1. Provide the gained length on full extension for the span residue 16 to residue 60, in nm with one decimal, where the gain is 0.36 nm per separating residue minus the Cα-Cα distance.
2. Given Cα pairs under 8 Å that are at least 6 residues apart, what percent is the relative contact order of the chain?
3. Can you compute the charge dipole magnitude of the chain about its Cα centre, using +1 on each Lys and Arg Cβ and -1 on each Asp and Glu Cβ, nothing else charged? Give it in debye, rounded to the nearest 20.
4. Suppose each label sits 7 Å from its Cα in the direction of the beta carbon; what would the residue 48-residue 32 distance come out to in nanometres?
5. What ³J(HN,Hα) values, in whole Hz, does the Karplus curve 6.51 cos²θ - 1.76 cosθ + 1.60 give for region 51-64 when θ = phi - 60°, with x put for Gly and Pro?
6. At residue 25 and residue 8, where each label point lies 7 Å from the Cα along Cα→Cβ, what is the point-to-point distance in nanometres?
7. Rounded, prolate or oblate: which fits the chain, taking a ≥ b ≥ c as square roots of the Cα gyration tensor eigenvalues, rounded meaning a/c under 1.5, else prolate when a/b beats b/c?
Amino acid sequence: MARPLGFSVPQQPSPLVYVRNPIQWEYKRVLRPLEAGGDPMSEAELNDWGQRGWELCGLFRTTTQLYFYFKREVQP
């Protein structure tokens, strides 16, 4: 049997999530010039940032520069 238009299906309640101690982040911006044929940041250098707890979370490029944005949880 076809359902009439406008029939609504009961919605399931959304689960509640309680955050007791929200994560505090710190950020770092690294600026590199863009040169013809140059490597603004090598894989080894990115791995070094990662080993120190930094996560690459964004990039921004201008015509002459590249900005790397990193974040990590605030260290106690």
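Where a number appears in this text, it was derived from the coordinates with a stated rule and is not lab data. Quick caveat, the model's predicted, so the values are computed rather than measured. Please note: Cβ atoms are built from the backbone with ideal geometry, for glycine as well, and neighbour counts cover all protein chains shown.
1. 12.3 nm
2. Values: 73 pairs, mean separation 27.8, N = 76.
Computed over the chain, the figure is 37 percent.
3. Numbers: 9 positive and 8 negative charges, 94 e Å.
For this selection, approximately 440 debye.
4. 1.1 nm
5. In residue order, the calculated couplings are 5, 8, x, 8, 10, 5, 10, x, 9, 9, 10, 10, 5, 10 Hz.
6. The modelled label-to-label distance comes out at 3.6 nm.
7. Values: a/c = 4.14, a/b = 1.97, b/c = 2.10.
It comes out oblate by the Cα gyration axes.
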